Amino acid sequence: MSRNSRRSREERARMELYASQDREAAIGMGPLRRGVFLLPATITSVGLLSGFYSMVSAVTGHFEVAAVMIVIAFACDGLDGRIARASRTSSQFGVEYDSLSDVVAFGVAPAMLAYSWALKPIGSLGIGVSGLFVLCAALRLARFNVQTATADKSRFVGLPVPGAAVMISGLALAYSYFEIDSPRALCTLMVPITLALGGLMISRLPYPSFKAVKLEKRAQVELVLTMMVLAAMLFAMPQLTAFLLSTAYVLSGPMLMIRGERLSARVPVLRPVAAGSGSGDKSHGANGVGAGADAARRTRSLRDHQPARR
């Protein structure tokens, strides 16, 4: 009898140990793990605040500062995803927060810059053109989130939203670099450029993706030399280099299409939501039925989900 009692106590202790390990995994494996988990979210927050400060600078007439803030947000957008994947702290929360940050930093902020810097003289038409840019950016991000599970990792479908934002930022920086002072010509050029960038974002043109690049692998000599030249150009003339790099990337999509590259079959984005999700799923959990399954899904998302970042 004592032997059976001792065995049952050992089994209960083992089960409690497993339960405590699951709880630690759900909350991020202790304080150190939680700190690592917060690092990508902090970088995303810096990018979001950079986009906000870009809007403030554009409204107050500091267009070069507004453009630089968009570039900083672009750097944060690339950094937070790599840190999350390297530290294995990717989560559904990070994906959603990153998308919301991108709408502000790469949708609203460049539209505000384009309007305040170039499109303001045409009044309501300029507001409409800038608004279309924001709308296309939001649609592009929504499509990316829906198709990210089935998308080709080496190609983007349409111009990425950060690429369009950096293009507008690069134009503003180049305008300042060459000290051009022609508001009428600037407005005439920016209307079709802004509309074209919006159209490229929601198009199905293939664009290069650098998510699959492994930095730990040995690089070729040509790649190393190219990176060194680009770094020297960024140091010597950052404004012109930002414009040239953003222009080259925007044109890379049409060039890939001209070369005959095509994307895979179209993936539907306006498909119905499965039964039991949405508001019905929330009420389902609120009644106490299926709440354990919802908690298990959230736990698996925190531990295992590692989505592709923009």
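The values are calculated or read from the model by the stated rules, or taken from the named source; none is laboratory data. Keep in mind it's a predicted model, so treat the numbers as computed, not measured. FYI the Cβ positions are ideal-geometry reconstructions off the backbone, even for glycines, and counts take in every protein chain you see.
In the set (1) part of a helix (DSSP H, G or I); (2) exposed (fewer than 15 other Cβ atoms within 10 Å of the Cβ), the condition left unmet by Met112 is number (2).
When residues in the range 160-208 are screened for being touching a Gly at 6+ places or on another chain (Cβ under 6 Å) and either surrounded by 24 or more Cβ atoms within 10 Å (Cβ to Cβ) or within 18 Å of Ala109 (Cα to Cα) (or both), 1 of them pass.
Beta carbons closer than 6 Å, at least 6 apart along the sequence or on distinct chains, never pair a first residue in the range 215-239 that is at pLDDT below 85 with a second that is surrounded by 11 or more Cβ atoms within 10 Å (Cβ to Cβ).
The set of residues from the range 73-104 being more than 13 Å from the chain's Cα centre (by Cα) and among the aliphatic types (A, V, I, L, M) comprises Ile83, Ala86. For the range 115-157, the candidate set comprises residues that are of a type in the set (S, T, N, Q), more than 29 Å from Ser45 (Cβ to Cβ) and out of contact with any Pro (no Cβ under 8 Å at 6 or more places or on another chain); within that set, the residue that is surrounded by the most Cβ atoms within 10 Å (Cβ to Cβ) is Thr150.
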